[in-house]
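Accompanying notes for the structure given below.
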Amino acid sequence: MTNDDKIACFDKLVAGSPFAVRKGDTIPYTSVNGHMYSYFSKDGFLALRLPESERAAFLEKYNTTLVLAYGIIQKEYVTVPDNLLAATDELQPYFEISYAYVSKLKPKPTSKKK
């Protein structure tokens, strides 16, 4: 699967969620209240932010890992395997869990002038 195919799957995933808005041109991502909950990495994989209660089960079920970016493990982000990314219907509930989790975080202050 090419990166363009993967980004198309990500776009389909975002379109399937009534609250999600795709942002970013070079690095597509979704966020709410200033917190990212998914992004498509430069390395060609989807990273999804999951709550601790869901993270371990996801890692085991899909035999995947936490995200390693710039030599740092991102503790809340899981690497979505390509075959799961292509199975949008199967991935959608996790995308919704990610959105719900991040929605509960305290909003980040904005730097924009009102």
The chain, accessible area per residue, ligands and nucleic acids excluded (1.4 Å, Å²): 62
Note down the nm distance, to one decimal, between modelled labels 7 Å out along Cα→Cβ at residue 8 and at residue 64. 2.0
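With a sphere of radius 14 Å drawn around the Cβ of residue 101, what net charge do the other residues whose Cβ falls strictly inside it have (Lys, Arg +1; Asp, Glu -1)?
+1
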On full extension of the chain, what length is gained from residue 19 through residue 53, given 0.36 nm per residue of separation minus the C-alpha to C-alpha distance? 10.0 nm
Solvent-accessible surface ranking, highest first, for 12, 104 at 1.4 angstrom: 104, 12
Share of region 43-114's accessible area from carbon and sulfur, percent, 1.4 Å? 55
Any aspartates and glutamates with Cα under 12 Å of the residue 23 Cα? List them, leaving off those in the same chain fewer than 8 positions away. 11
With every protein chain left in place and a probe of 1.4 Å, what is the accessible surface of residue 82, to the nearest 10 Å²? 60
Students sometimes get this wrong: rank 75, 108 by accessible area, probe 1.4 Å, all chains present, largest first. 75, 108
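The values are calculated or read from the model by the stated rules, or taken from the named source; none is laboratory data. Keep in mind the model is a prediction, meaning the values are calculated, not measured. Note that we place each Cβ from the backbone using ideal geometry, even for glycine, and neighbour counts take in every protein chain shown. Calculation scope for accessible area: heavy atoms of the full protein, side chains included, ligands and nucleic acids excluded. Shrake-Rupley method; radii C 1.70, N 1.55, O 1.52, S 1.80 Å.
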